[in-house]
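This is the structure I want to talk about, given as structure tokens.
The numbers here are math on the coordinates, done by the rules we state, and not lab data. In this text the structure is predicted, and so the values were computed from the model without any measurement. Here the Cβ is made from the backbone with ideal geometry for all residues, glycine too, and neighbour counts use every protein chain on show.
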Amino acid sequence: MHLFQEYERFLTFAGVAVLTVVSLALLGVSTWFWLPALVFGGLTLVGVYDVTQRKHAILRNYPVLGHMRFIFEGIRPEIRQYLIESDRDEEPFSREDRSLVYQRAKGQEDKRPFGTQARVYDAGYAWFTHSIQPKHLKYKEFRVKIGNEDCARPYDASLYNISAMSFGALSANAILALNTGAKMGGFAHDTGEGGVSRYHREGGGDLIYEIGSGYFGCRTAEGAFDPERFADTAALDQIKMIELKLSQGAKPGHGGMLPASKISPEIAEARGVPMGVDCISPAAHSAFSTPIEMMEFLGLLREKSGGKPVGFKLCIGHRREFMCIVKAMIETGIVPDFIVVDGKEGGTGAAPLEFANHVGMPLVEGLTFVHNTLRGAGLRDKVRIGAAGKLISAFDIARAFALGADWANSARGFMFAVGCIQAQACHTNHCPVGVATQDPMRMRALDVTDKSHRVARFHKNTLKALAEMAGAAGLDDPRDFQPHHIMQRENSGEMVTGNEAFPYLPEGFLIRGEEAGGGYLDRWTRADPRSFAPPE
């Protein structure tokens, strides 16, 4: 039964091939059978072409039958427009959003006719103000230096990078295509918490080595952090930064388990785990339990990596706890080089519905809070901030910059670039295009050479669009966006500026003991650098 399930997607192709043979045999009975022989023979040739071409993964995995998707894709705009829904209604990413990624990844025309489909008078609609004297910014590889005075080996990062996705969640071909594309485009690829695999190394692109609570790739046999194994891995020149994962947007505060049945020899090699045993990712870290211990752990990572930039990623939960961490920075003098804020709208291979829908802070609020807390503590100039969570267009990235980010990451945007069609079968091992699967037959459909070029093109064309938006606002650099460049419609229908909705709070106001609104000072007063526990 299992073998049949593996190959059932080729059933249509096999069927027309059999019917071709039968029709040819029946020509001896009646010449009228030339018509079905022609039809079925043509479909068989189509199937042969499908399984040998390298441009469309869906056709390689579903020969003949896969063409139905493209047929319906062609007529669906009219069906949707007049009978069902608009291009902007689909979730989690609309057809409009996905089409933008596909077009930029393929180097196709990405412009739109006939004006916006956005409901510009609805509450929540946001836009950027533009200048009467716009500037023409030529595309260049905009970069940001990450690394404060305690960092011996700062990294000049692109403003747009590949967010964390582990080998195991994604296929070998997907990882290799992403990293090869990052190498071509000169941007970074976050490994995810699954360790540095042979496919990350083979691509040759810059890596951000993410360390989760399972310490994969740097753990003892018992699952504790192993400093020497970490040092061996972190010494790779390809690894440019070290990222400690506290939580991720789609399922903050939730651990995970990779069943033994899904652990291949390559996954076991990358993670440093044995075959035949469930691979556990605890909800919390075992290497530290207090804010001060966390800072000391980051200091250890900086030392063992030879002075590479170190930081952490989190989705904001209890705001006081983040302030505990910031107070620990001040008390220990160990200040991370960066913080990545992951919005709760971030993606994942699998998450409980309750966590995906109702746990964690969305990116806009989380980013604003982190940015202003660091300003209030007088540390903002020492810590770079990355932002992640559904950032696939130039507008998404520009808004993140306006709210305080120094760079942006995207996971699903780059997944679309390598062929993801949002089938939402990531957790089933049956991804139809070979992106989120460990099935060798399915991942074969993803051609690394073709898709790596798409990754690089998507990155370049997105930054080009970002430069055009900055120029339209009269700016010299995309990082010059500020809250006052944003306008937003409120529930009342009135317009408010970003300065009103997302103001930058004064530098050092927490240190001075000033109340700046939003309950910052009250939480700061209750925050304890020696404990995450709430005060009694």
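Report the FRET efficiency, 1/(1 + (r/R0)^6), for Asn499 and Glu202, where r is their Cβ-Cβ distance and R0 is 51 Å, rounded to 0.05.
Result of the calculation: an efficiency of 0.60.
Sticking with the crude label model, points 7 Å out along Cα→Cβ, report the distance from Asp232 to Asn429 in nm, one decimal please.
If labels sit at Asp232 and Asn429, their model points lie 2.9 nm apart.
Sum up the charges of everything whose Cβ sits under 14 Å from the Cβ of Ser492, counting Lys and Arg as +1 and Asp and Glu as -1, but leave Ser492 out.
Its environment carries a net charge of -3.
In whole Å, what is the distance between the alpha-carbon centres of region 430-487 and region 489-536?
Between the Cα centres of region 430-487 and region 489-536 lies a distance of 33 Å.
At 0.36 nm per residue, and after removing the present C-alpha to C-alpha distance, how many nm does the segment from Asp476 to Asp381 gain when stretched out fully?
32.2 nm
May I ask for the distance between the Cα centers of region 285-302 and region 92-114, given as a whole number of Å?
43 Å
Beyond 22 Å between alpha-carbons counts as too far, so tell me which of Lys55/Lys140; Lys135/Lys464; Lys106/Lys183 fall in that bin.
Distance filter (> 22 Å) returns Lys55/Lys140.
Right, another one. Going 7 Å from the Cα of Lys262 in the Cα-to-Cβ direction, what parts of region 404-434 have a backbone nitrogen less than 13 Å from that spot?
The answer is 425-431, whose backbone nitrogens lie closer than 13 Å to the label point.
Using the count of nearby Cβ atoms within 10 Å as a rough guide to exposure, how do Ser531, Ser171 rank from fewest to most?
Ser531, Ser171
Next up: Tell me what the chain gives for mean residue ellipticity at 222 nm when only DSSP H runs of n ≥ 4 count, each as -39,500 (n - 2.57), the sum divided by the residue total, rounded to 500 deg cm²/dmol.
Calculated mean residue ellipticity at 222 nm is -12000 deg cm²/dmol.
A further question on this structure: Arrange the following residues from fewest to most other Cβ atoms within 10 Å of their Cβ: Met415, Met329.
Fewest to most other Cβ atoms nearby, the residues stand as Met329, Met415.
Positive end of the dipole of the chain, charges at C-beta (+1 Lys, Arg; -1 Asp, Glu), about the Cα centre: which of Gln488, Ala445, Asn409 has its Cα farthest in that direction?
The residue sitting farthest along the positive end of the dipole is Ala445.
Only Cα pairs under 8 Å and at least 6 apart count here; give the relative contact order of region 2-61 as a rounded whole percent.
Dividing the mean separation by the residue count of region 2-61 yields 31 percent.
What length, rounded to one decimal in nm, is gained on full extension from Gln103 through to Ser531, with 0.36 nm per residue of separation minus their alpha-carbon distance?
149.2 nm
How high is the FRET efficiency between Val120 and Val277 when r is their beta carbon distance and R₀ equals 45 Å, given to the nearest 0.05?
Plugging the Cβ-Cβ distance into 1/(1 + (r/R0)^6) gives 0.25.
Would you mind listing how long region 143-505 runs along its three principal axes, going by Cα atoms, in whole Å with the largest first?
58, 45, 39
Let me ask something else. How large is the translational diffusion coefficient of region 2-61 in µm² per second when you combine the Kirkwood radius over alpha carbon pairs with Stokes-Einstein at 10 °C and 1.306 mPa s?
Approximately 127 µm²/s, per Stokes-Einstein.
Still on this structure, I have one more. Using 0.36 nm per residue, how much length does the chain from Glu96 to Asp522 gain when fully extended, once their Cα-Cα distance is taken away?
149.1 nm
I'd like the FRET efficiency for Glu222 and Arg143, computed as 1/(1 + (r/R0)^6) with the beta carbon distance as r and R0 of 45 Å, rounded to 0.05.
0.65
At Asp110 and Tyr49, where each label point lies 7 Å from the Cα along Cα→Cβ, what is the point-to-point distance in nanometres?
2.9 nm
For the pair Glu269 and Thr449, how long in nm is the line joining their label points, each one 7 Å along Cα→Cβ?
Modelled inter-label distance: 2.3 nm.
Further question on the same structure: For the chain, what relative contact order do you get, as a whole percent, if you take Cα pairs closer than 8 Å and at least 6 residues apart?
Once divided by the residue count of the chain, the mean separation gives 19 percent.
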